[in-house]
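Engineer: Quick one: the structure is below, questions incoming.
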Amino acid sequence: DNGINWEEASKHVLKRGITGWDQRKVSSPLLRYEPDDSTYHLYYSGMASDESKSIGYAVSDEPLSGYEKPSKNPICEPADINKELATEYDSIIVADLVRMDDEFIFYGTARSESDSVIWMAKGNDWTDISNFEKVLSQSDLDVGSFVQTPSVISVDDMYVMQFTAGENSEMLNEKRLY
């Protein structure tokens, strides 16, 4: 209960798939709790054999086990953002979720060999990642090879986003929106 001493509660919360979009690995968990119905919502990245990354989702009534994947999984693939933004990314990762009343605002990273962007998508429920907007591209900053892992908070009438930038993750940057 001190946040320092942890004990293993379960062996695996979620395993990679045997075949398909998450057969190579699963990583980058993002866990959110919904107090209205006491459910835990887990987002994660799944890597296919071709090394493309998509966004997976699972839900449980318990934080450490019993996660069930919906029939539509992955819930978001590179093709989804490519169609909306007319791009050619091969990986898409969700990094944060800000919930404002009934609106779900997702933030994440999309990457290709030559570009990376931080994106935002607004949806109406836990699995609706659509209406993509480019927030920031590596070419918008003098940061070298990529931007990634946005973390966003909303305080009063201001949003603050911090993110990793640079070829070797050598800097954390911040943007504010009023």
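The values are calculated or read from the model by the stated rules, or taken from the named source; none is laboratory data. These figures come from a predicted structure and were not determined experimentally. So basically every Cβ, Gly included, is an ideal-geometry build from the backbone, and we count neighbours across all protein chains shown. Each accessible area value is taken on the protein alone, full model and side chains, heavy atoms only, with ligands, DNA and RNA left out. Shrake-Rupley method; radii C 1.70, N 1.55, O 1.52, S 1.80 Å.
Engineer: Sum -39500 (n - 2.57) across every DSSP H segment of at least 4 residues in the chain, then divide by the residue count to get the 222 nm mean residue ellipticity, nearest 500. Show your work: numbers first, answer last.
Structural biologist: Details: 1 runs with 8 residues, N = 178.
Theoretical 222 nm ellipticity from helices: -1000 deg cm²/dmol.
Engineer: So, one more: If I take every Cα pair under 8 Å that is 6 or more residues apart in the stretch 71-121, average their sequence separation and divide by the length, what percent do I get for the relative contact order?
Structural biologist: The normalised contact order for the stretch 71-121 reaches 26 percent.
Engineer: Taking the alpha-carbon distance from LYS72 and a cut-off under 22 Å, which lysines remain once sequence neighbours fewer than 8 residues away in the same chain are dropped?
Structural biologist: LYS15, LYS25, LYS53, LYS83, LYS122
Engineer: Send over a whole-number figure in Å² for the accessible area per residue of the chain, probe 1.4 Å. Walk me through the intermediate numbers first.
Structural biologist: Working: 10560 Å² over 178 residues.
Spelled out: the 1.4 Å probe surface of the chain, per residue, equals 59 Å².
Engineer: Once you put a point 7 Å from the Cα of ASP102 and another 7 Å from the Cα of SER139, both along the Cβ direction, what distance in nm separates them?
Structural biologist: Going by the 7 Å Cα→Cβ label model, 3.9 nm.
Engineer: Report, in debye and to the nearest 20, how large the dipole of the chain comes out about its Cα centre when Lys and Arg carry +1 and Asp and Glu carry -1 on their Cβ. Mind showing how you got there, number by number?
Structural biologist: Numbers: 16 positive and 33 negative charges, 109 e Å.
That gives a dipole near 520 debye.
Engineer: Rank PRO29, SER114, SER60 by how far each Cα sits towards the positive end of the charge dipole of the chain (+1 on Lys, Arg Cβ; -1 on Asp, Glu Cβ) and give me just the farthest.
Structural biologist: Of the options given, the answer is SER114.
Engineer: Moving on to the next point. About the Cα centre of the stretch 83-143, how large is the charge dipole given +1 on each Lys and Arg Cβ and -1 on each Asp and Glu Cβ? Please answer in debye to the nearest 20.
Structural biologist: 40
Engineer: Students often get this wrong: which residues of the stretch 36-79 have the backbone nitrogen under 16 Å from the point 7 angstrom along Cα-to-C-beta of THR19?
Structural biologist: Once the point is set 7 Å along Cα→Cβ of THR19, 48-50, 74 turn out to lie under 16 Å by backbone N, inside the stretch 36-79.
Engineer: Which residues make up the longest stretch of the chain that has no trypsin sites (Lys or Arg not before Pro) in a DSSP loop with at most 10 other Cβ atoms within 10 Å?
Structural biologist: For trypsin sites (Lys or Arg not before Pro) (loop position, at most 10 other Cβ atoms within 10 Å), the longest site-free span of the chain is 73-178.
Engineer: Using a probe of 1.4 angstrom, how much of the accessible area of the chain is carbon and sulfur, in percent?
Structural biologist: Result for the chain: 46 percent of the exposed heavy-atom area is carbon or sulfur.
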